[in-house]
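*Asks:* Mind looking over this structure? Questions follow.
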Amino acid sequence: MKRFATWAGVAGLAVAATLAATTPGSADDSKLEQLKEQGFARLAIANEPPYTAVAADGKVSGAAPDVAREVFKRLGVADVVASISEYGAMIPGLQAGRFDVVTAGLFMKPERCAAVAYSEPVLCDAEAMLVKKGNPKGFKSYEDVAKDTSATIGAPGGGTEEKLALNAGVPRDRVIVVPDGQSGLKMVQDGRIDAYSLPVLSINDLMKKANDPNLEVIAPVQGAPVYCDGAAFNKKDTALRDAFNVELAKMKKSGEFAKIIEPYGFSAAAAMSTTTEKLCSAK
Amino acid sequence: MEWDWDFVWQILPTLIQGVKITILATLLGSVLAAVVGLAIALLRRSPNRLISRPVGFFAEFIRGTPLLVQLYFIFYVLPDIGILLPPLVAGVIGLGLHYGTYAAEVYRAGIDNVPRGQWEAAKACNLSARQTWTHIILPQAIPPMIPALANYFVAMFKETPLLSAITVLELMNQAKLVANSYYRYVEPMTLVGVFFLIISLFSVILLRWLERRYGRIER
């Protein structure tokens, strides 16, 4: 009987957990009104300068949150608050309603476009690799990493680089998931991984901070396309996304957009030369 | 939220890879913890203060700092002084050292529980220190400790997801990878819970059996 009670308890907990998890989210078109009322929008960022950065005092900057802050200000949302998240957790977090928008250099790819509602392009960049001085294994592309059966490559979990490496044929056990830029840098320095891959500007920023003469940057990685990110919204919030796009387009036209992102090293012209539709339908 | 059985079957092989690493890390960690714990317990009893004091300090230090911090230290800081360990080895050492200090307390209690008369009898029989330990004290001290030690090993098993912080591809990390590529958390995280629950429940049964078998002290 006691055993039965234990199992009943376990089953009861499971049922309670299921019920709690299935409480329906409310779909609404008045998301913007709601954000205005609460006075802030919740961003997901990654702390990967220059895309997104958190200073030692906790102040959020970086090109992507700066653009979002300005657009939201124009929409009447006074402020943004950001929480740091892993790349892989951003889209599920957005779907679960933990953030209102992802502004983290989450590059547009068809499968991501299917999962979220992207704004027009914001930040564009190519891919790069960080390797030891002299590039001892002679990497030029992700395919080169795949060919060398002893080579390992580090990339952010759920990031674009991880998928590029896997798609190039690098087996899963040689693609090491690195939690953050600093760890990736350290792992290359220690020889735990042969290359660490991030977008060009992120790698350059890491290099500048590390100031280590024994490292070298390969940029751009051959065969990897130039990607653009956009602010990613929940599929339900297309009205908010459309409003965001209107203000973003105005800023692009007036040159204020360039003024925000170019000090970080991004090209405004690159973002303005393409569209979300084009990027989402790319292979 | 919907539950997708096809997705479950698709990701199951990947997760089972993770379960294997989780179990391997727990087993190796347990062996290391048992050995380290015994060494600490014996050295702390040393009459030579130059040995007992530093060992005691070391044990308290490890016991008083979080496992996650120790793992980061072993994995990211030790390479600076030339010690470069593979992720799994670093993880096993972290688990083994951390739980070894807990196990040391269990050993201490077990050894202290052996009646004084046994020590005196051993001395009266002219047994050497080594013979006293191996033939008289440890055989009586260890059986009552087994359930308590096993308890710590079950606890260690549930701490293994911390190893995902140092890139060990154990169960939790595999589940995160799956969630990262499919944008779904429901199935992978539920399965992680289920795997841990199943193994823990079996461990509890084993623990009960150990208790019945060794827990009673016959005097």
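*Asks:* For A:ALA224, state whether it is touching a residue at least 24 places away in the same chain (Cβ under 8 Å), surrounded by fewer than 19 Cβ atoms within 10 Å (Cβ to Cβ), small (Gly, Ala, Ser) and not in a strand (DSSP E or B).
*Replies:* On the way: touching a residue at least 24 places away in the same chain (Cβ under 8 Å): yes; surrounded by fewer than 19 Cβ atoms within 10 Å (Cβ to Cβ): no; small (Gly, Ala, Ser): yes; not in a strand (DSSP E or B): yes.
When the stated conditions are applied, A:ALA224 does not pass them.
*Asks:* I'm trying to understand the selection: among the residues of region B:17-60, which are more than 14 Å from chain A (Cβ to nearest Cβ) and within 30 Å of B:ARG184 (Cα to Cα)? Reasoning before the result, please.
*Replies:* Restricting attention to region B:17-60, the residues satisfying the condition of being more than 14 Å from chain A (Cβ to nearest Cβ) are B:19, B:22-60.
B:VAL19, B:THR22, B:ILE23, B:LEU24, B:ALA25, B:THR26, listed by residue number.
*Asks:* Of the residues B:THR160, B:THR190, which is among the β-branched types (Val, Ile, Thr), buried (at least 21 other Cβ atoms within 10 Å of the Cβ) and either touching a residue at least 12 places away in the same chain (Cβ under 8 Å) or closer than 30 Å to A:ALA155 by Cβ (or both)?
*Replies:* Details: B:THR190 fails: buried (at least 21 other Cβ atoms within 10 Å of the Cβ).
Just a single option satisfies the conditions, and that option is B:THR160.
*Asks:* Could you tell me whether region A:114-133 includes any residue that is free of Cβ contacts under 8 Å to residues at least 24 places away in the same chain, out of contact with any Leu (no Cβ under 8 Å at 6 or more places or on another chain), surrounded by fewer than 24 Cβ atoms within 10 Å (Cβ to Cβ) and not acidic (Asp, Glu)?
*Replies:* In the first step, residues of region A:114-133 are kept if they are free of Cβ contacts under 8 Å to residues at least 24 places away in the same chain; the result is A:114.
If we keep only those that are out of contact with any Leu (no Cβ under 8 Å at 6 or more places or on another chain) too, we end up with A:114.
Among the residues that remain, those that are also surrounded by fewer than 24 Cβ atoms within 10 Å (Cβ to Cβ) are: A:114.
If we keep only those that are not acidic (Asp, Glu) as well, we get A:114.
Scanning region A:114-133 turns up at least one residue that is free of Cβ contacts under 8 Å to residues at least 24 places away in the same chain, out of contact with any Leu (no Cβ under 8 Å at 6 or more places or on another chain), surrounded by fewer than 24 Cβ atoms within 10 Å (Cβ to Cβ) and not acidic (Asp, Glu).
*Asks:* Which helices (runs of 4 or more DSSP H) does region A:1-115 wholly contain that include 2 or more residues that are modelled with pLDDT of 90 or more, touching a helix residue (DSSP H, G or I) at 6+ places or on another chain (Cβ under 9 Å) and more than 13 Å from chain B (Cβ to nearest Cβ)? Even if it seems obvious, please write down each step before you answer.
*Replies:* Numbers: elements: A:2-22, A:31-38, A:63-75, A:87-95, A:110-115.
Of the helices (runs of 4 or more DSSP H) lying wholly inside region A:1-115, those with at least 2 residues that are modelled with pLDDT of 90 or more, touching a helix residue (DSSP H, G or I) at 6+ places or on another chain (Cβ under 9 Å) and more than 13 Å from chain B (Cβ to nearest Cβ) span A:31-38, A:63-75.
*Asks:* Does at least one position in region B:143-151 carry a residue that is assigned to a helix (DSSP H, G or I), modelled with pLDDT under 95, away from chain A (no Cβ under 14 Å) and closer than 30 Å to A:ILE176 by Cα? Show your work before the answer.
*Replies:* We begin by selecting, within region B:143-151, every residue assigned to a helix (DSSP H, G or I); these are B:143-151.
From what's left, modelled with pLDDT under 95: B:143-151.
Subset that is away from chain A (no Cβ under 14 Å): B:143-151.
Those still in the list that are closer than 30 Å to A:ILE176 by Cα too: none.
No.
*Asks:* Let me ask another. Does B:ALA175 meet the test of being farther than 28 Å from B:ARG63 by Cα, surrounded by 16 or more Cβ atoms within 10 Å (Cβ to Cβ) and in contact with a Leu (Cβ under 9 Å, 6 or more places away or on another chain)? Before you say what the answer is, go through the steps one by one.
*Replies:* Details: farther than 28 Å from B:ARG63 by Cα: yes; surrounded by 16 or more Cβ atoms within 10 Å (Cβ to Cβ): yes; in contact with a Leu (Cβ under 9 Å, 6 or more places away or on another chain): yes.
Yes; evaluated as a whole, the condition is true for this residue.
*Asks:* Here is a follow-up. Condition first: hydrophobic (A, V, I, L, M, F, W, C) and either modelled with pLDDT under 90 or in contact with a Phe, Trp or Tyr (Cβ under 9 Å, 6 or more places away or on another chain) (or both). Now tell me which residues in region A:227-248 satisfy that.
*Replies:* Step one: filter region A:227-248 for residues hydrophobic (A, V, I, L, M, F, W, C), giving A:228, A:231-233, A:239-240, A:243-244, A:246, A:248.
The answer is A:CYS228, A:ALA231, A:ALA232, A:PHE233, A:LEU240, A:PHE244, A:LEU248.
*Asks:* Mind checking which pairs have a first residue in region B:66-80 that is more than 17 Å from B:GLY100 (Cα to Cα) and a second that is part of a helix (DSSP H, G or I), Cβ under 6 Å, 6 or more apart or different chains?
*Replies:* Filtered contacts from region B:66-80: B:PHE75/B:ALA90; B:PHE75/B:ILE166; B:TYR76/A:LYS186.
The values are calculated or read from the model by the stated rules, or taken from the named source; none is laboratory data. Quick caveat, the model's predicted, so the values are computed rather than measured. All Cβ positions, glycine included, derive from the backbone under ideal geometry; neighbour counts span all protein chains shown.
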